[in-house]
Amino acid sequence: MTSIDLNADLGEGFGRWRLTDDEQLLSVVTSANVACGFHAGDAATMRRVCELAAERGVRIGAQVSYRDLAGFGRRAMDVPPDELAAEVAYQIGALEVFTRAAGARVAYVKPHGALYNRVVHDEEQARAVVDGVLLADATLPVLGLPGSRFLDVAEKAGLPVVTEAFADRAYTDEGTLVPRSQDGAVITDPGAVVERSVRLAGSGVVASRSGRDIGVRARSLCVHGDTPGAVELARRVRTKLEASGVRVEAFA
């Protein structure tokens with residue numbers, strides 16, 4: 001039977017402001033990419049999400065980012081490699097405190113936003129993120145885009161690598177994500193997201209924005225927690241995947 005992990009970005013709040021419905025999403029997903037304070041997430045939020053995830057048996061991943069609260073980690077930044085490596089390790093370490101307190105552990109690492117897209121092509125920044133992960137825990141799997149420099153560098157450094165696909169993001173013909181600054185970058189039609197999810201899980205294929213079929217072999221499928229109607233959408237995706245004979249289970 002085909003199996004796939006279902007992940008979402010969670011803990012994306014700060015103080016009294018909350019963007020994601022963490023409690024409801026944690027009843028659907030199998031892996032939670034938890035914001036570690038640099039693009040979103042404060043100490044209380046991280047603690048709460050880790051406790052909820054541990055209670056439900058959801059794997060907890062550190063979603064590391066550029067230091068960019070004002071821009072939600074989605075602005076391009078040039079950070080010196082040594083500084084970026086230290087900041088990645090710092091974020092993982094902060095989350096680890098709360099996972100251990102909840103009786104769990106940090107199970108993997110996933111870059112967020114501008115950092116995620118940067119390390120697809122930028123080997124220097126990719127190496128800095130990998131160095132940060134190695135500094136924190138050299139056994140941690142990393143989650144990223146198939147064919148990215150990030151996964152290539154990570155694999156050569158001995159880190160377990162896990163490929164992911166996006167049910168609700170548009171793809172270019174080259175297999176990368178269409179920048180959010182462009183129209184149509186986010187797929188908002190629930191039926192289309194569900195259909196794309198089943199096709200990705202079953203055949204490893206997704207239609208690019210131009211309509212071309214491209215191969216995207218992935219072990220994990222991301223549904224963004226900040227997408228409108230994210231909870232219901234995630235439920236529909238999981239229900240359809242399981243009805244199609246796909247086993248939904250964590251990779252870590």
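The values are calculated or read from the model by the stated rules, or taken from the named source; none is laboratory data. Bear in mind the structure is a predicted one, so any value in this text is a computation, not a measurement. Here the Cβ positions follow ideal geometry from the backbone for every residue, glycine too, while neighbour counts run over all protein chains shown. We work out accessible area using only protein heavy atoms, side chains counted, and drop any ligands, DNA or RNA first. Shrake-Rupley method; radii C 1.70, N 1.55, O 1.52, S 1.80 Å.
Among the numbered conditions (1) modelled with pLDDT of 95 or more; (2) not in a helix (DSSP H, G or I), the only one that residue 50 does not meet is (2).
Among all residues of the stretch 57-65, there is at least one that is in a loop (DSSP other than H, G, I, E, B), modelled with pLDDT of 95 or more and closer than 29 Å to residue 181 by Cα. Here residue 192 fulfils each of the conditions (1) closer than 26 Å to residue 69 by Cα; (2) out of contact with any helix residue (DSSP H, G or I) (no Cβ under 7 Å at 6 or more places or on another chain); (3) in a helix (DSSP H, G or I) apart from (1). Exactly one residue out of 181, 197 is assigned to a helix (DSSP H, G or I) and hydroxyl-bearing (Ser, Thr, Tyr), and it is 197.
Scanning the stretch 27-43 for residues that are crowded, with 24+ Cβ neighbours inside 10 Å and touching a Lys or Arg at 6+ places or on another chain (Cβ under 9 Å) yields 29, 31, 32, 33, 39.
Of everything in the stretch 209-243, what is at pLDDT 95 or above, among the hydroxyl-bearing types (Ser, Thr, Tyr) and either out of contact with any strand residue (DSSP E or B) (no Cβ under 7 Å at 6 or more places or on another chain) or open to solvent by 10 Å² or more (accessible area, probe 1.4 Å) (or both)? Give them in sequence order. Matches in the stretch 209-243: 239 only. Number of residues in the stretch 136-154 that are open to solvent by 10 Å² or more (accessible area, probe 1.4 Å) and either part of a loop (DSSP other than H, G, I, E, B) or modelled with pLDDT under 95 (or both) equals 6. Within the stretch 1-59, the set of residues being farther than 18 Å from residue 164 by Cβ and among the charged types (D, E, K, R) comprises 16, 18, 21, 22, 23, 42, 47, 48, 51, 55, 56. Applying the condition of being within 23 Å of residue 88 (Cα to Cα), among the aliphatic types (A, V, I, L, M) and crowded, with 24+ Cβ neighbours inside 10 Å to the stretch 1-26 and asking which residue is farthest from the chain's Cα centre (by Cα) yields 10.
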